[in-house]
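The values are calculated or read from the model by the stated rules, or taken from the named source; none is laboratory data. On a predicted model such as this, the values are computed, not experimentally measured, just so you know. Note that we place each Cβ from the backbone using ideal geometry, even for glycine, and neighbour counts take in every protein chain shown.
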Amino acid sequence: MRHLSLLILFSLLSACTTWRHKPVSEIPAKPEPVTARYVAADWSALPGWPGEQLTTSWAAWLNSCKRLGARPDWQAVCAEAQALTPADADSVQAFFERHFSPWQIESSTGAEDGLITGYYEALLKGGLTPAPGRVPIYAVPDDLLTLDLAGLYPEVKGLRLRGRLEGKTVKPYWSRADIDQGKAATADKVLAWADDAVDAFFLQVQGSGRIELDDGTRLRLAYAEQNGHPYKSIGKWLVDKGEMPLEQASMQSIREWGKNHPERLQEMLEANPSYVFFRLVPDSTEGATGALNVPLTDGASIAVDPKFTPLGTPVYLATTRPGGKDAMNRLVHAQDTGGAIRGPVRADFFWGFGQEAGALAGNMKQRGRMWLLWPRDLALPDAR
């Protein structure tokens, strides 16, 4: 979900008011926004094309077509894809080479590669009643407002703003620290209780998961809303505090630090003011539902910044496996977004559900390159 917090918007507006009375020479130069550029490429330039697990990727592509196929520009290519099922690797490769052209995604800064991380659907232990050490998982509070100010401020068109009313004044919504202190209207919004605070935190980072209850049954949770505050990495917070070197910062090391420093656990968690609220969804064998509103496919779905990589688009990803040694080249599909996924060459790779997927996701922090596969007869998306 893309959003701009009211806190950021208000600060921008107040800054503009302040600058109005300053000489031009004192007004700081506005940094050039980072945009994307799409560079035409030959199929032979894609490392290892068509890559590994091509038939798994085909299943993910068919999921994307459930949404793209309703759009006039994509109807024909999706109709042919659905008619091709079942498909083998050779026919899948031929399909994409026939209908698509590869375009390498680069940053306007000149960077050809970017950060590739991993995420997964978490499994937590918990229950439906509070107990010592348990923390709540909340549904969307009634006092959370979603505002559309595009009529007044065209620059925020398409962005979702969150806030709350204080009297007759709209203010930024409560931060993580505020919510943990009970300031938000969450008293009747508890969906479940998680046994571990760090597990609950990472559930919010991942955006979906399941809680195994005391009786062995499971609840499935999906992203519902966010409080509007920007995501801040607690791994970076630990590095900045001198608690661990950058190369050791991972989900596992963060978890270990929390166990060894219980007196500072809350301080660490509240370094990220962003807070995610959930909704209950029916359990199934399909993957978690992403921002495209289709089930994610293990090893073939990614979260992207939709400003640069349109949702539903096939993407060829050239990176390495967790640990950074072995190449991982495969066709994936932009089916999700994330608060920390910002920039042209940036992706979060979906590993699936459970502990093994979590171990892979927690150790994935590699560089990688991305090629947008775009239909030959469509104009390229704007390089915003």
Exercise for the section: Being in contact with a Ser or Thr (Cβ under 7 Å, 6 or more places away or on another chain) and either charged (D, E, K, R) or within 13 Å of residue 58 (Cβ to Cβ) (or both) is the filter here, so list the residues in segment 89-113 that pass it. Expected result: 89, 92
Problem - Any pair with Cβ under 7 angstrom, 6 or more apart, that starts in segment 336-351 at a residue that is closer than 14 Å to residue 290 by Cα and ends at one that is surrounded by fewer than 20 Cβ atoms within 10 Å (Cβ to Cβ) and of a type in the set (Lys, Arg) - result: 337/2
Handout entry: Any hit, segment 51-59, residues being of a type outside the set (A, V, I, L, M, F, W, C) and on the phi > 0 side of the Ramachandran plot
Key = yes
Fill in the blank from the handout: Taking segment 207-222 and keeping residues crowded, with 22+ Cβ neighbours inside 10 Å and outside any loop (DSSP other than H, G, I, E, B) leaves 208, 209, 211, 221
Completion exercise
Within segment 337-360, the residues that are part of a loop (DSSP other than H, G, I, E, B) and either aromatic (Phe, Trp, Tyr) or over 14 Å from the mean Cα position of the chain (by Cα) (or both) are 354
Practice task
Mind listing just one residue for me: the one in segment 298-326 that is among the polar types (S, T, N, Q) and assigned to a strand (DSSP E or B) and, of those, nearest to residue 59 (Cα to Cα)?
Solution key: 301
Handout entry: Residues satisfying the stated conditions in segment 60-78, i.e. loosely packed, with under 15 Cβ neighbours inside 10 Å and either within 20 Å of residue 346 (Cα to Cα) or in contact (Cβ under 8 Å) with a residue 24 or more places away in the chain (or both)
Key = 73
Practice task
For residue 342, state whether it is touching a helix residue (DSSP H, G or I) at 6+ places or on another chain (Cβ under 9 Å), among the basic types (Lys, Arg), under 12 Å from residue 116 (Cα atoms) and surrounded by fewer than 18 Cβ atoms within 10 Å (Cβ to Cβ).
Solution key: no
Problem - Verdict on residue 235 being within 17 Å of residue 283 (Cβ to Cβ) and either free of Cβ contacts under 8 Å to residues at least 40 places away in the same chain or surrounded by fewer than 17 Cβ atoms within 10 Å (Cβ to Cβ) (or both) - result: no
Problem - Every residue from segment 320-354 that is farther than 25 Å from residue 274 by Cβ and either touching an Asp or Glu at 6+ places or on another chain (Cβ under 9 Å) or not β-branched (Val, Ile, Thr) (or both) - result: 320, 321, 323, 324, 325, 326, 327, 328, 329, 330, 331, 333
Exercise for the section: Could you look through segment 361-384, keep only residues that are of a type in the set (A, V, I, L, M) and either touching a residue at least 12 places away in the same chain (Cβ under 8 Å) or in a helix (DSSP H, G or I) (or both), and pick out the one that is farthest from residue 104 (Cα to Cα)? Expected result: 361
Completion exercise
Counting only residues in segment 119-134 that are of a type outside the set (Phe, Trp, Tyr) and either within 20 Å of residue 340 (Cβ to Cβ) or surrounded by 21 or more Cβ atoms within 10 Å (Cβ to Cβ) (or both), the one modelled with the lowest pLDDT is identified as 122
Exercise for the section: Identify all residues within segment 247-297 that are among the aliphatic types (A, V, I, L, M), in contact with a helix residue (DSSP H, G or I) (Cβ under 9 Å, 6 or more places away or on another chain) and not in a helix (DSSP H, G or I); write none if there are none. Expected result: 249, 271, 276, 288, 292, 294, 296
Completion exercise
Filter segment 237-246 for residues that are hydrophobic (A, V, I, L, M, F, W, C) and assigned to a helix (DSSP H, G or I); the one that is nearest to residue 179 (Cα to Cα) is 237
Problem - Test result for residue 334, surrounded by 22 or more Cβ atoms within 10 Å (Cβ to Cβ), of a type in the set (A, V, I, L, M, F, W, C), in contact with a Ser or Thr (Cβ under 6 Å, 6 or more places away or on another chain) and farther than 26 Å from residue 141 by Cβ - result: yes
Problem - Condition met for residue 67 (at pLDDT below 95 and basic (Lys, Arg)) - result: no
Fill in the blank from the handout: Expected single match for surrounded by 17 or more Cβ atoms within 10 Å (Cβ to Cβ), closer than 30 Å to residue 379 by Cβ, in contact (Cβ under 8 Å) with a residue 60 or more places away in the chain and touching a Ser or Thr at 6+ places or on another chain (Cβ under 9 Å) among 179, 116 is 116
